[in-house]
Amino acid sequence: MKKLYIGFFISLAIIIIFIFGNSLKNFINPNLDGNSAPGPTITLNGKSMDHSYESLCWNKNCSEIKQNPPSIPITTVKVGDIIEIAWNKFINKPNRVILNNITTGETVVYHLADSDIEIDMSKQAYPFQYEVIFQWYLGASNDLRGESYLNFKVRTY
């Protein structure tokens, strides 16, 4: 009977470590994996499109670092085209993903989940530059430990 209890507690401990392993890893070594932020993919109707991507900071305090939007070429799109920004293959999932229209100053999408962003070009768009900000925080704190920016510019014809 004693062996049965020991086996049960060992099994339970293994399950708990498996479930909470990532939290335990961050507690022991509070760093993000890799040397820089992972790069998302951006496609227009399933094909790669012009964009700029910069890993601004990784595994250090990012709160004081600011990024200026780069100058990038305009991608011409048609009404009905779909732009997809995917980060589902990241090992370290960002805690926040923010899509801003830099031209208008509007925050278009603010994500706290793992889902990708899909933009349906449903109406006429003058040259608009968009910025997607990916942010990684450690634990439940506001310790911003990674930040990267994806920029692209579109116009409909």
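Ranked highest first by average number of other Cβ atoms within 10 Å, how do 74-84, 33-43, 142-152 line up? Spell out each step's value before the answer.
Values: 74-84: 14.5, 33-43: 16.4, 142-152: 20.1.
My ranking of the peptides, most packed first, is 142-152, 33-43, 74-84.
I'd like the Karplus ³J(HN,Hα) series for the stretch 75-89: coefficients 6.51, -1.76, 1.60, θ = phi - 60°, whole numbers in Hz, and an x wherever there's a Gly or Pro.
Ordered by residue, 3J(HN,Hα) equals 9, 8, 10, 10, 4, x, 5, 10, 9, 10, 10, 10, 9, 5, 9 Hz.
Rank Ile91, Asn151, Val108 by how far each Cα sits towards the positive end of the charge dipole of the stretch 84-157 (+1 on Lys, Arg Cβ; -1 on Asp, Glu Cβ) and give me just the farthest.
Asn151
Does the stretch 62-150 come out rounded, prolate or oblate by the C-alpha gyration tensor, with a ≥ b ≥ c the root eigenvalues, rounded set by a/c under 1.5 and, if not, prolate when a/b is larger than b/c and oblate if not?
prolate
Per-residue counts of other Cβ atoms within 10 Å, averaged by peptide: what ranking do you get for 95-107, 51-63, highest first?
Numbers: 95-107: 14.8, 51-63: 16.5.
Sorting 95-107, 51-63 by mean packing, highest first, produces 51-63, 95-107.
Ile102 label point, 7 Å along Cα→Cβ, cut-off 11 Å on backbone N: hits in the stretch 115-157?
128-132, 149-154
How much accessible area per residue does the stretch 40-110 have, counting only protein heavy atoms and a probe of 1.4 Å, in square angstrom? Don't skip to the answer; put the middle values down first.
Details: 4100 Å² over 71 residues.
Per residue, the stretch 40-110 has 58 Å² of solvent-accessible surface.
Using 0.36 nm times the number of residues separating Asn88 and Ser36, minus their current alpha carbon distance, what extension gain do you get?
Details: separation 52, 0.36 × 52 = 18.72 nm, distance 1.68 nm.
The span from Asn88 to Ser36 would gain 17.0 nm if fully extended.
About the Cα centre of the stretch 44-157, what is the dipole size in debye to 20, counting +1 per Lys and Arg Cβ and -1 per Asp and Glu Cβ, all else neutral? Walk me through the numbers before you get to the answer.
On the way: 11 positive and 13 negative charges, 26 e Å.
Computed about the Cα centre, the dipole is about 120 debye.
If R₀ is 30 angstrom, what is the calculated FRET efficiency for the pair Lys78 and Glu54, using the beta carbon separation as r and rounding to 0.05? Don't jump to the answer; show the numbers that get you there.
Values: r = 28 Å, r/R0 = 0.95.
The value I calculate is 0.60.
The values are calculated or read from the model by the stated rules, or taken from the named source; none is laboratory data. All figures in this text were calculated on a predicted structure; none of them were measured in a lab. Here the Cβ is made from the backbone with ideal geometry for all residues, glycine too, and neighbour counts use every protein chain on show. These accessible areas exclude ligands, DNA and RNA; they are computed on the full protein's heavy atoms, side chains included. Shrake-Rupley method; radii C 1.70, N 1.55, O 1.52, S 1.80 Å.
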